[in-house]
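Trainee: Below is a structure I'd like to ask you about.
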Amino acid sequence: MYSDEEAAALYELLNPWGPSDDFYLALVMDAKSVLDIGCGTGALLHRARLAGHAGRLCGVDPDAASLDIARRQTEIEWRLCAASSLAWHREFDLATMTGHAFQALASDDELRASLSAIRRTLADGGRFAFETRNPLARAWERWNPANAIDVVDASGRPVRISHQVESVVGDVVTFTETTSESGGGPLRVDRANLRFLDVDALASFLTGAGFEIEEQYGDWRRGRLTRESPEIVTIARAGDTRPTL
Ligand SMILES: C[S@@+](CC[C@H](N)C(=O)[O-])C[C@H]1O[C@@H](n2cnc3c(N)ncnc32)[C@H](O)[C@@H]1O
């Protein structure tokens, strides 16, 4: 047995600060009011406050255990909710969705509802920055037990994390993440669906929700987006046009 709290703390250990966080932190520091959607344990906004961001910072996530860790920083607003349930109207200059949280929006309905809700939270001209893995790079082909990771968790317990893809149906990849005792049996198994939108499908969903793509990159150094790029990093602007959804 491995609790949600232990899993959330382990996430932080497995995902230390990296180039993607630097990319988003620069955008956050330049914006007066920021909504981080799927904020997880809140590392991005924690760092922004620490770096002197004096404006409004707000993080939301549907996972209570992750949000409990985020809440340790009390000078930031935190709310337990999914992207589709965002209830703010025209309040933020920047919305972010980092760590591939965008790919958790797996069905057309959830994607449309979430993008509409994100669009509504943004002030006129506000921006939505996020990344999704480039489907052409087929990252899921490396998600198998041969690439398991051994770590010592925050309580000093050695654990093994391994992934196994169960199915690839259209652009949705279903896989499990198993946390095991090192050299022993499974402690917990989490199943997830992640969507791998291609560039055209992504553009169509964004336009349908009233966004205009302002910048798009293939990596965290703002490299050109090509067929081989690992990521589709997008900064979309809330357009003047009425959403068609
Ligand atoms: C891989 S984590 C990324 C967390 C954080 N953004 C980061 O970069 O460390 C993905 C996060 O998306 C959240 N998530 C899943 N479905 C979501 C949804 N429908 N709306 C908002 N967040 C969601 C999960 O709870 C999880 O915290």
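What follows is calculated from the coordinates using simple rules that are stated; it is not laboratory data. Computed from a prediction, not measured in an experiment: that's the story for all the values here. Reconstructed Cβ throughout: ideal geometry from the backbone, glycine too, with neighbour counts over all protein chains shown.
Trainee: Quick check for you: which residues of the range 158-188 have the amide N under 18 Å from the point 7 Å beyond the Cα of E5 toward its beta carbon?
Mentor: So the set is 188.
Trainee: Can you order the peptides 28-35, 75-82, 41-48 by their average number of other Cβ atoms within 10 Å per residue, highest first?
Mentor: 41-48, 28-35, 75-82
Trainee: Please list, ordered by chain and number, the residues whose modelled amide H lies under 5 Å from the amide H of L57; skip anything fewer than 5 residues away on the same chain.
Mentor: Placed amide hydrogens put V34, E77 under 5 Å from L57.
Trainee: Let me ask you something else. Compare the peptides 111-119, 60-68, 181-189 by average per-residue count of other Cβ atoms within 10 angstrom and give them in order, highest first.
Mentor: So the order, starting with the most tightly packed, is 111-119, 60-68, 181-189.
Trainee: Give me the net charge of V233's neighbourhood, meaning all other residues with Cβ under 14 Å from the Cβ of V233; Lys, Arg count +1, Asp, Glu -1.
Mentor: Working: positive: R127, R133, R221, R222, R224; negative: D21, D22, E131, E214, E215, D219, E231.
For residues surrounding V233, the net value is -2.
Trainee: Amide H neighbours of R188 under 5 Å, at least 5 residues apart or on other chains, H built in the peptide plane: list them.
Mentor: Under 5 Å from the amide H of R188: T179.
Trainee: To continue, here is another question. How much net charge surrounds R191 when only the other residues with a Cβ under 14 Å from the Cβ of R191 are counted, with Lys and Arg +1 and Asp and Glu -1?
Mentor: Result for the local shell: -2.
Trainee: Round to the nearest 10 and give me the degree value, 0 to 90, for the angle of helix 4-14's Cα axis relative to the longest principal axis of the chain.
Mentor: Between the helix axis and the principal axis of the chain, the angle is about 80 degrees.
Trainee: Looking at the chain, send over the antiparallel percent of its DSSP beta bridges, to the nearest 5.
Mentor: In the chain, approximately 70 percent of DSSP beta bridges are antiparallel ones.
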